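A short reminder: the numbers here are calculations on the coordinates, not readings from a lab. The structure presented is a predicted model; accordingly, all values stated were derived computationally and were not measured. So basically every Cβ, Gly included, is an ideal-geometry build from the backbone, and we count neighbours across all protein chains shown.
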Amino acid sequence: MKKFILFTFLFLFIFTIVNAQNVNGDTLSVDGKKILKVWGTHYERGYATGYLLGSEIKEISENYFIYAFFGGNSYLYENTRTYFLDNFQIEEKYISETEGIIDGMIEADIILFSDILSRDIDANDLLLSNAIVDLAALGDLNSDYEFGCSSLSSWGGNTILDPELSGDLVITRNMDWTPHTALLENHLLVVQFPSEADEVNWLSFTFPGFIGGLSSINENGLCAFMNMGNHNEHPNTYTFHPILLSIRNGIEVYDYDGDYEVAPEDVQAAIEENYQLSGSIVHTANHESGLVIECNNQNGIVVRDDNDNTVIPIEHLVATNHFRELYPPAGCYRYDNIADSLSVSSDIDIIRSWDLLAGAAGVSNNIHTIQYVPTLNLIKWSTAKVGTPAYQLEPTIFDTEELFTYNTNANPHYVQDHSFLTVSPNPFYSSTNLSFSLTKTTDVKLCIYNIKGHKIRTLLSEVLVQGNHNVSWDGTDENGKKISSGIYFYTLETIHNVYTKKVILLK
């Protein structure tokens, strides 16, 4: 049986009407770790982020990004910003989200003026900061600040002896960036609940103002962790895309590659769709297996699975900051240490995965240590303190089902996921159940719609009494014909309100 540390959420729900703009967000604290939950469109989620975390975003932007990485050199910064605007292409949804962040900060009375830049920080500055790892290829950033990271995923025969895993996957990740006070004081877990039809709920271990997928997991059990590569040569001129936003696309967009499976190949497809400027090594996995995606400007992309390993046993994958396939493997003591440990014993359980990565690859600049077990809905998260790396500290333990739940009682007309509507299983293959509770007897209409808004089936239309109800759907239309895999929506309509719940059908 899985065991979780019991904790009490200090729950602060904020719902405010400001210039007709709802603040679709709430904040809470667990073991001193800040969690932000935001819902709605990209703009609405951005607005809530800026409104609730505006001062922290300003601190990260000015003190960490502009001052530390650019040495407070406004001329260098503005030239880099111009290069970014001329050579990177950003989707409108992310432009809208960062504009929302700025609008939220303004509404929260955050002073946007930067003494270093002698102007206000704007949405383009936020987008630029989300390309921080890409800009490393230019060689202009402060060389004292580095991006590390390492990760280990294990599954199959290697985890079969752990009664909790029984062959399922566990992945442990060290996020190693050079520590800075602004980072160490602003660890953040963001949980996003998109209202866009093609997007799924997802979370990110990050810092205020970073909207990309540095360390990310979605509600369907797909995760992706970004490591810096050791080759940043950039002879080719393309229109570039920030790697953290490419990763976010693969995590946030449902079934990105369109093969009707939520799998590591979705992250691969999102990265392959764009050109990179710097070198990246992305470790992605679901409950069954993992992939490591290696890419840079010079050589493009290669993908390795456990069959590509030379010194690591099969059904393990290891990523550090050294390419293994894109270039001939270079010496990496962390990779070698992990290989040595696995050669002694390939068997992994949840505890050993954490301890092995800590012992073999733990470094002083380890800021986050994260462990994820998709089938157990288990996340462990440690955050560094001044003078103490994250892997040496006791982790906080979360249940993803709790993280992917939020309260909208203050906004009953908001059409999005509602905690009193429960869909299980989700995704489903043969049938799924919608459970809901009524506070009084009322007319109820329950329908299924596709992502284009076309009604697929009416499941019920009648008067229901006060209390709990359960309705089953077998994935068929009004004529009893099985429909195709994809995203659908339960729509529950009463006299007073209309609510929806996203459901995913797989075949």
Query raised in the report: Quick one: helix 42-59 against the long Cα principal axis of the chain, what's the angle to the nearest 10°, folded into 0 to 90?
Result: 40 degrees
Query raised in the report: With the contact rule set at Cα under 8 Å and sequence spacing of 6 or more, what percent relative contact order holds for segment 422-505?
Result: 33 percent
Report summary line: Placing each pseudo-label 7 Å from Cα in the direction of the beta carbon, Y238 and D109 end up separated by a distance in nanometres of 4.7 nm
Requested in this report: Do me a favour and compute the ellipsoid semi-axes for the chain from its Cα gyration tensor, root of five times each eigenvalue, largest one first, whole Å.
Outcome: 36, 29, 21
**Report entry** Helix 74-87 axis, angle to the chain major axis (alpha carbon atoms, nearest 10°)
**Finding:** 60 degrees
Query - Sites L438 and S472, calculated FRET efficiency, Cβ-Cβ separation with R0 22 Å, nearest 0.05 - result: 0.80
Query raised in the report: If you take the charge dipole of the chain about its Cα centre, with +1 on Lys and Arg Cβ and -1 on Asp and Glu Cβ, which of Y77, S430, T172 is farthest toward its positive end?
Result: S430
Query - Filter on K455/K501; K37/K501; K34/K58; K445/K482; K37/K440 - keep pairs with C-alpha separation over 19 Å - result: K445/K482; K37/K440
**Report entry** Nearest 10 degrees, 0 to 90: helix 92-107 Cα axis against the chain principal axis
**Finding:** 90 degrees
Query raised in the report: Short version: ³J(HN,Hα) in whole Hz for each residue of segment 462-469, in order, from phi by Karplus 6.51 cos²θ - 1.76 cosθ + 1.60 (θ = phi - 60°), x for Gly and Pro, what are they?
Result: 6, 8, 10, 7, 4, x, 8, 9
Report summary line: segment 264-386: Kirkwood hydrodynamic radius (Cα pairs, Å) comes out at 15.7 Å
Query - Ranked packing of 226-237, 293-304, 208-219, most packed first, by mean Cβ within 10 Å - result: 208-219, 293-304, 226-237
**Report entry** Mean separation of Cα contacts under 8 Å, 6 or more apart, over the residue count of the chain: relative contact order %
**Finding:** 12 percent
Report summary line: Counting sequence-distant residues (5 or more places) and residues on other chains, those with an amide H built under 5 Å from that of H322 are none
Query raised in the report: Any idea what the dipole of the chain comes to, in debye rounded to 20, about its Cα centre with Lys/Arg Cβ at +1 and Asp/Glu Cβ at -1?
Result: 1100 debye
Report task. Principal axes first, then extents: for the Cα atoms of segment 422-505, list largest minus smallest coordinate on each axis, whole Å, largest first. Result -> 36, 23, 19
Report summary line: Packing-ranked peptide list from 395-401, 121-127, 27-33, highest mean Cβ count within 10 angstrom first, is 121-127, 395-401, 27-33
Query - Share, in percent, of DSSP beta bridges within the chain that are antiparallel, nearest 5 - result: 90 percent
Query - For the chain, calculated [θ]222 nm from helices alone, where every DSSP H run of n ≥ 4 adds -39500 (n - 2.57) - result: -6500 deg cm²/dmol
